[in-house]
Structures are given as C-alpha cells and as structure tokens.
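Trainee: Here it is: the structure, laid out below.
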Amino acid sequence: MKFDEAEEAEIDELYEWFQQNPKLPKEIDRILLKRFYRCMYGDLKATKKLIQINYSLRNKHPHIFLERDPTDADSKQTFDYADLVPLPGLTSEGYKVSCYRMVDMDPGKVNHNADTKAFFMVSDCRFNMYDGGVSIEGHLETFASGEVQIFDMNGYTLKHLSKMTFSTLRIYMAFLQEALPVHLKAIHIINCPSYLDKVVSIMKPFISREVFKLIHFHTESLDSLYEHVPRSILPEEYGGDGGKLADLKAQLLTELSHKREYLMDPNHWKVDKAKENAERRRWPFKS
C-alpha cells in the first residue's frame, strides 16, 4: 500500500527527529524508516522506541553489526557453505518467507560470529527495499505484514552445535525478538535430527515464551510444512515452484555486492559520538 500524504509527512517528521537525535547515526534510508513506521502501525512514539532499541543494540555489539563486509573472506565462507535466502513474493497473508540451510556439511566451515553477521547483513540488505516491489512509478510500495522463517537442519550434527557460542546466540536472539522492524509469525524447523531435544534445550533459555509458541517442528515429511507455506513460494528443492535456491542466492549475493557501501557506511549504522557529546555539553544534566 502506497503511503498517503499524511503518512509521508509523518515520515518527514521521523526523519528530522532521527537526524537531530544524538543517540542515533547521521543517516537512515527512507524506505527503512518507513518499514519501522509500518511495523509499529503508524504509532510515532512506538516507532521511535523501536528505532532507538535497534541502533542501541547495534552499537553495543559492533563486532556483529558494524565491523562487516559482505564480500570479505568470512562472509564468503558463510555464503559458500550456507543458504540464507529471502524467497520471492509474499504469501496470501502478506508474509515474507526466508529459507536457511547448509549446502556444505563440514562443521569446520561454521563460524558463529561470521554467520550471525551475515544473517543480519542479508536482513539489512532487504529492509531498505519494498517486499512487494520497488518504489518506481506503477509498483506497489508494499511491506510484508509478517515474517516466516524456515530452518532446514539436514546435515546438522552435534559437532555443528558445539560451534555455537552463547554470547553470540544471546545477541542474535535479542536483536531478532526486540529490534527488527518485522512481525515474526512462524518459525518452521524441517528435517529435524534425532537429538532435537538437545538443540531445543540450548536455545530455549534465549527464546521468549511468545516466540517459542511460533516454532513448528516438522519431524517426518514436508506435507505439514505445505499446510503453512504455499508451494508457489517454496523453492524447487522443497517441492515448490519458487525457483532454485542456487539461483535465488546468486541474486542475493549480487544485491549484497551492490549494497556493500551502504552496509559498511558508518553514517547509516554507527552512533555519531561527536553529535552525542555535543548534546551532553549543551545539556550536561540530561540523562
């Protein structure tokens, strides 16, 4: 749905607030700002709060969110051994579906920090684009009304599990649940291993009760997945009509390369300490 004149005026107001806020970076992409606004249903106060949480967490963990390059060796290794792919189109409910799986089962390829960094680069790459088109005359300015994630555990072993670091997992889960400008609707775990209970026992302390209720474990076949995600969205590898994952990933990597400068630009992600310090000098007793 295209933003009307009143909504565009509120986006202008948000943009001015963002640029003047000493605890935020210098710049924000307008489409990303609109995504925050839509996520909070046009509530300006709630939108500002979500934005502040997002950038506060980013700057609290710069090794994940700021010190990054989608084309460096660590990122290349992640994208070589794993697919982290948003699928084209939206479901009938307006949900965006993303698929995550390993294509190289070697546990030695796992780097939890680099993999988490790559996951959020993919999100940031996507979040400054519309989900149902692009902002060109005649295209819908559509944002997904919800997010659906599919995690394929085929080939995942206890050795892979041992590569997980709790500090990084805590950052990942906190940002996913508290800071992303999306509404998580479902998480589907497919090709579940026999030791699924061990994985769940490790993850559960970091997952809120509300989010845990969204997780579906598909232990036998994909038939139960088809009840939630239409085949028109799913890639061919999962019996769908949405194209091959290899082709979809190639398109994603091209987009990441094109947006490398944006993803690495501190003006868009790093809190401007000079601006923050100037505000403190102006109001020394302001908390």
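Rule-based calculations on the coordinates, nothing more; no lab input. Bear in mind that the values here come from a model prediction, so they are computed numbers and not experimental data. Positions of Cβ are backbone-derived with ideal geometry, glycine not excepted, and every protein chain shown enters the neighbour counts.
Trainee: Mind pulling the angle between the C-alpha long axis of helix 112-127 and the longest principal axis of the chain? Nearest 10 degrees, somewhere in 0 to 90.
Mentor: The angle comes out at about 60 degrees.
Trainee: While we're looking at this one, here's another question. Between residue 104 and residue 273, what is 0.36 nm times their sequence separation minus the Cα-Cα distance? Round to one decimal in nm.
Mentor: Extra length available between residue 104 and residue 273 comes to 56.7 nm.
Trainee: May I ask for the angle, rounded to the nearest 10°, between helix 30-39 and the longest principal axis of the chain, with both axes built from Cα atoms and the value confined to 0 to 90°?
Mentor: Once rounded, the angle reads 70 degrees.
Trainee: Sequence gap at least 6, Cα distance under 8 Å: using those rules, report the relative contact order of the chain to the nearest whole percent.
Mentor: The normalised contact order for the chain reaches 25 percent.
Trainee: Measuring from label point to label point, each 7 Å out along Cα→Cβ, what is the residue 250 to residue 170 span in nm?
Mentor: Inter-label distance under the simple model: 4.3 nm.
Trainee: For residue 231 and residue 9, compute 0.36 nm times the residue count separating them, minus their Cα-Cα distance, and round to one decimal in nm.
Mentor: Contour length minus Cα-Cα distance gives 76.0 nm.
Trainee: Using a Gaussian network model of the chain whose springs link C-alpha atoms within less than 10 Å, name the residue from 205, 230, 107 with the highest mean-square fluctuation.
Mentor: Highest fluctuation among the options: 205.
Trainee: In a Gaussian network model over the chain where Cα atoms closer than 10 Å are linked, find which of 246, 186, 274 has the largest mean-square fluctuation.
Mentor: Largest GNM mean-square fluctuation: 274.
Trainee: Would you mind telling me which residue in 97, 182, 199 has the biggest mean-square fluctuation in a Gaussian network model of the chain, where springs connect alpha carbons within a distance under 10 angstrom?
Mentor: Most flexible of the set in this elastic network: 199.
Trainee: Within region 195-246, list the GluC sites (Glu not before Pro) lying in a DSSP loop whose Cβ has at most 15 other Cβ atoms in a 10 Å radius.
Mentor: Sites meeting the loop and neighbour criteria: 220, 227.
Trainee: Dipole of region 183-259, Cα-centred, from +1 at each Lys and Arg C-beta and -1 at each Asp and Glu C-beta, to the nearest 20 debye? Walk me through the numbers before you get to the answer.
Mentor: Working: 9 positive and 10 negative charges, 85 e Å.
Result for region 183-259 is approximately 420 debye, rounded to the nearest 20.
Trainee: Rounded to whole Hz and in sequence order, give me ³J(HN,Hα) for region 230-244 from the Karplus expression 6.51 cos²θ - 1.76 cosθ + 1.60, θ = phi - 60°, writing x for Gly and Pro.
Mentor: Taking θ as phi minus 60°, the curve returns x, 5, 4, 8, 5, x, 4, 4, 10, x, x, 10, x, x, 8 Hz for region 230-244.
Trainee: So for the chain: antiparallel DSSP bridges make up what percent, rounded to the nearest 5? Let's see the in-between values first.
Mentor: On the way: 5 of 21 bridges.
Close to 25 percent.
Trainee: Which FRET efficiency, nearest 0.05, do residue 80 and residue 17 yield, Cβ-Cβ r, R0 30 Å?
Mentor: 0.15
Trainee: Further, regarding this structure: So, counting K/R as plus one and D/E as minus one, what does the shell of residues with Cβ under 9 Å around residue 266 add up to?
Mentor: 0
Trainee: Given the pairs 76/213; 163/273; 163/185; 2/96, which are separated by over 30 angstrom at their Cα positions? If you can, show how the numbers build up before the last one.
Mentor: Working: 76/213 34 Å; 163/273 35 Å; 163/185 28 Å; 2/96 18 Å.
Check vs 30 Å cut-off fails for 76/213; 163/273.
Trainee: By the scheme Lys and Arg +1, Asp and Glu -1, what is the net charge of all other residues having a beta-carbon under 12 Å from that of residue 53?
Mentor: Once all neighbours under 12 Å are counted, the net charge is +4.
Trainee: Among DSSP bridges having both ends in region 60-150, what percentage is antiparallel? Round to the nearest 5.
Mentor: Looking only at bridges with both residues in region 60-150, the antiparallel portion is about 50 percent.
Trainee: Further, regarding this structure: Given Cβ point charges of +1 (Lys, Arg) and -1 (Asp, Glu) and nothing else, what value in debye, to the nearest 20, does the dipole of the chain about its Cα centre take? Kindly include the intermediate steps, with their values, before the conclusion.
Mentor: Numbers: 39 positive and 43 negative charges, 304 e Å.
The calculation lands at about 1460 debye.
Trainee: What is the calculated FRET efficiency for residue 162 to residue 262, with r their C-beta to C-beta distance and R₀ = 35 Å, to the nearest 0.05?
Mentor: Numbers: r = 35 Å, r/R0 = 1.00.
Result of the calculation: an efficiency of 0.50.
Trainee: How many angstrom separate the Cα center of region 197-229 from the Cα center of region 1-80?
Mentor: Answer, in whole Å: 28.
Trainee: So what J values fall out for region 159-175 if you push phi through Karplus, 6.51 cos²θ - 1.76 cosθ + 1.60 with θ = phi - 60°, rounded to Hz, Gly and Pro as x?
Mentor: Once rounded to whole Hz, the list reads 5, 5, 4, 5, 7, 6, 10, 5, 5, 6, 4, 5, 5, 4, 5, 5, 5.
Trainee: Hey, another quick one. Mind giving me the nanometre distance, one decimal, between the label points for residue 198 and residue 71, set 7 Å out from Cα along Cα→Cβ?
Mentor: The two pseudo-label positions are separated by 4.0 nm.
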